[in-house]
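Have a look at the structure below before the remarks.
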Amino acid sequence: MYNRRFTPDEITHLEANEIFVFGSNLSGMHGGGAARVAHKSFGAEWGVGVGLTGRSYAIPTMQGGVDTIRPYVDEFIEFAKQHSELTFLVTRIGCGIAGFKDLDIAHLFAAAIDVENIILPKSFVSIIQTAERYANEMSTMKFEIVKFKLYPEDEAKLATMSRKEMMEFMREIRQQKRYIVVGDDEE
């Protein structure tokens, strides 16, 4: 069951049990973006770049690539599971000042999509659901390798072509079925 509530684009107030989840830097210098909002409005402590302070939860996003963010997101998800009395409103962490795109970050939250007290941005949920749908479709597909030989005159033509010309010529050959399928024992 997917979490159907989404984090609002702009959060200006929190209900009594809600926590503002934002992207931070490891040193906890909350000078811009959602980090600044967390510090000014929701009690994020200056100098604390990871975890819960006030009514905010910091996830570092400024220390490197997406893989450096993953452990902090995993830690956050476990924390949220242990604190079911709270509701965590996840902002589009890393998608502002840190410079990542939703597509880069959303998959880090795939394990959170069914956690009832974690509310994700609509863009993250959409990306996660699309990836799951494609993964399910791909798991039922069957692929088969078919070996074939070209006619000698077509092979000779290919030897003189640029890569782009080869691609177009091969498309033509496939459409016209101008090849011979061979078995494993034939070459």
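Some observations on this one:
- Scanning the range 18-36 turns up at least one residue that is under 13 Å from Ala98 (Cα atoms), of a type in the set (A, V, I, L, M, F, W, C), at pLDDT 95 or above and part of a strand (DSSP E or B).
- If the condition is being at pLDDT below 95 and either among the acidic types (Asp, Glu) or out of contact with any strand residue (DSSP E or B) (no Cβ under 9 Å at 6 or more places or on another chain) (or both), then the range 83-99 contributes only Gly99.
- Any hit, the range 61-79, residues being over 14 Å from Leu120 (Cα atoms), surrounded by 15 or more Cβ atoms within 10 Å (Cβ to Cβ), assigned by TED's automatic domain parsing to the domain that holds Asp104 and among the aromatic types (Phe, Trp, Tyr): yes
- Residues satisfying the stated conditions in the range 28-64, i.e. within 14 Å of Arg92 (Cα to Cα) and among the aliphatic types (A, V, I, L, M): Ala34, Ala35, Val37, Ala38, Ala58, Ile59, Met62
- Restricted to strands (runs of 3 or more DSSP E) entirely inside the range 56-174, those with at least 2 residues that are touching a residue at least 60 places away in the same chain (Cβ under 8 Å) are 87-90.
The values are calculated or read from the model by the stated rules, or taken from the named source; none is laboratory data. Note that the structure is predicted; figures quoted are calculated from it, not measured. Virtual Cβ from ideal backbone geometry, glycine too; neighbours counted across all protein chains shown.
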